[in-house]
1. Which lysines have a Cα lying under 28 Å from the Cα of Lys52, excluding residues fewer than 8 positions away in the same chain?
2. If you bin every alpha carbon distance in the chain into 10 Å steps from zero, what whole percent lands in each bin?
3. How far is helix 43-61 tilted, in degrees, relative to the longest principal axis of the Cα atoms in the chain, given as a value from 0 to 90 rounded to the nearest 10?
4. Can you give the angle from 0 to 90° between the axis of helix 14-24 and the longest principal axis of the chain, with both taken from C-alpha atoms, to the nearest 10?
5. In the Gaussian network model of the chain, springs joining C-alpha atoms below 10 Å, which of Leu19, Leu50, Leu70 carries the largest mean-square fluctuation?
6. If you bin every alpha carbon distance in region 34-100 into 10 Å steps from zero, what whole percent lands in each bin?
7. Taking only DSSP H segments of four or more residues, each worth -39500 (n - 2.57), what value at 222 nm results for the chain once the sum is divided by all its residues, to the nearest 500 deg cm²/dmol?
8. According to a simple spin-label model (label point 7 Å from Cα along Cα-to-Cβ), what is the distance in nm between Leu35 and Glu62?
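Please treat every number below as a calculation from the coordinates, not as lab data. Predicted model, so just to flag it, every value in this text is computed and none were measured. Here Cβ is always computed from backbone atoms with ideal geometry, including for glycine, and neighbour counts include all displayed protein chains.
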Amino acid sequence: MEVTARLRYLRAAPQKVRLVADQIRGKGVQEASDLLALSKKSAARDLGKLLKSAVANAENREEGVDVDRLFVKEIFVDGGPVFKRIRPQPMGRAFQILKRQSHITIRLDTRKGDGANRAKRE
């Protein structure tokens with residue numbers, strides 16, 4: 001069962017958010033949550049909330065879902081709208097400041113097979 005959650009218009013640059021998203025791609029939900037909790041990046045907090053939202057979506061969509069078998073199947077970060085600001089500089093010049101936004105999509109899926117066999121192999 002595949003579940004999707006989206007976070008739109010996050011006030012963080014997509015390049016910085018992708019650094020955190022790459023760390024949790026393919027990981028189990030519990031491991032991804034632990035990584036995000038320990039990360040020093042500011043985007044990790046928002047991704048943690050999004051991950052919890054995706055898990056809640058899975059629980060509400062299907063009653064008998066096993067949260068321990070969920071993993072991050074796909075996560076991607078797209079650029080959103082850009083706020084353009086002007087910063088005055090000496091001698092009558094002005095430079096643009098681009099305040100970037102991100103759209104994040106996360107897809108969770110259940111692992112195939114028995115979780116007990118997988119634990120024995122690791």
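1. By straight Cα distance, Lys52 reaches Lys16, Lys27, Lys40, Lys41, Lys73, Lys99, Lys112, Lys120.
2. Using 10 Å bins, I get a P(r) of 13, 37, 26, 13, 6, 3, 1 for the chain.
3. That works out to roughly 40 degrees.
4. 20
5. Looking only at Leu19, Leu50, Leu70, the biggest GNM fluctuation is shown by Leu19.
6. 15, 30, 24, 15, 10, 5, 1
7. On the way: 4 runs with 47 residues, N = 122.
For the chain, the value works out to -12000 deg cm²/dmol.
8. 2.3
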